[in-house]
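K.L.:
Following this message is one structure expressed as structure tokens.
What follows is calculated from the coordinates using simple rules that are stated; it is not laboratory data. Please read all numbers here as calculations on a predicted model, not as lab measurements. So basically every Cβ, Gly included, is an ideal-geometry build from the backbone, and we count neighbours across all protein chains shown.
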Amino acid sequence: MQIMAAVGMVNSIMVFWWFFDYLATYSNTGFWWTWFTAVVLNGLLWLPFFFSWPVLFFAGSTTVNVIAFLAEVTLFGAYGAYWGVVGAMLYVFYIEPETEKSTYTSDTDATIWFSVYTSICLLDSIVSILLVPDILVYRDKRNEADEIAEQ
């Protein structure tokens, strides 16, 4: 779970960066809505891990069950949601930047942030797909141990 927390920290830093860099002033454009979707998606899926990792060392069964559920929810991003946002960014940054009012002054600026976001999504997906099954096994073993202890 510590790896999930570290990935949560990376996502938290980037979410706050993107929020203040792109979403500080509202504008009803495809560019703004694309970044808004990226911030909300990554924030909802990963901020809980960053904020809850200190209690994981002292976690009871309920906390472990909640964290396991949140870990399962990250698979939503890995199996579709991240790639929907990446597709929207591809459209807004490269295909229709003028009509979607992209604030990037060149394709180089767009490529940098497109690459950063895509890399973070790839990292998130790999971590979720590889670690969530182990977290669920730990949750089940913890619940079984608690049931035995209660008897």
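K.L.:
What about Phe69, is it surrounded by 18 or more Cβ atoms within 10 Å (Cβ to Cβ), of a type in the set (Phe, Trp, Tyr) and either touching a Phe, Trp or Tyr at 6+ places or on another chain (Cβ under 9 Å) or within 21 Å of Gln2 (Cα to Cα) (or both)?
P.N.:
Numbers: surrounded by 18 or more Cβ atoms within 10 Å (Cβ to Cβ): no; of a type in the set (Phe, Trp, Tyr): yes; either touching a Phe, Trp or Tyr at 6+ places or on another chain (Cβ under 9 Å) or within 21 Å of Gln2 (Cα to Cα) (or both): yes.
In short, no.
K.L.:
Considering only the range 7-60, how many residues are assigned to a helix (DSSP H, G or I) and surrounded by 14 or more Cβ atoms within 10 Å (Cβ to Cβ)?
P.N.:
If we filter the range 7-60 for residues that are assigned to a helix (DSSP H, G or I), which is where we start, we get 7-22, 30-58.
Pick out the ones that are also surrounded by 14 or more Cβ atoms within 10 Å (Cβ to Cβ) and you get 7-12, 14-15, 18-19, 22, 30-50, 52-53, 56.
So the answer is 35.
K.L.:
Then there's this: May I ask you to verify whether Val85 is surrounded by 13 or more Cβ atoms within 10 Å (Cβ to Cβ), among the aliphatic types (A, V, I, L, M) and touching a Pro at 6+ places or on another chain (Cβ under 9 Å)?
P.N.:
Details: surrounded by 13 or more Cβ atoms within 10 Å (Cβ to Cβ): yes; among the aliphatic types (A, V, I, L, M): yes; touching a Pro at 6+ places or on another chain (Cβ under 9 Å): no.
No; evaluated as a whole, the condition is false for this residue.
K.L.:
Name every residue in the range 129-151 that is within 28 Å of Tyr79 (Cα to Cα) and in contact (Cβ under 8 Å) with a residue 60 or more places away in the chain, in order of residue number.
P.N.:
Leu131, Val132, Ile135, Leu136, Tyr138, Arg139, Arg142, Asn143
K.L.:
Among the residues of the range 93-151 satisfying the criterion of being among the basic types (Lys, Arg) and assigned to a helix (DSSP H, G or I), which is farthest from Trp53 (Cα to Cα)? Walk me through it before giving the result.
P.N.:
Initially, the range 93-151 is screened for residues among the basic types (Lys, Arg), giving 101, 139, 141-142.
Filter once more, keeping what is assigned to a helix (DSSP H, G or I): 139, 141-142.
Working: Arg139: 16, Lys141: 20, Arg142: 18 Å.
The residue in question is Lys141.
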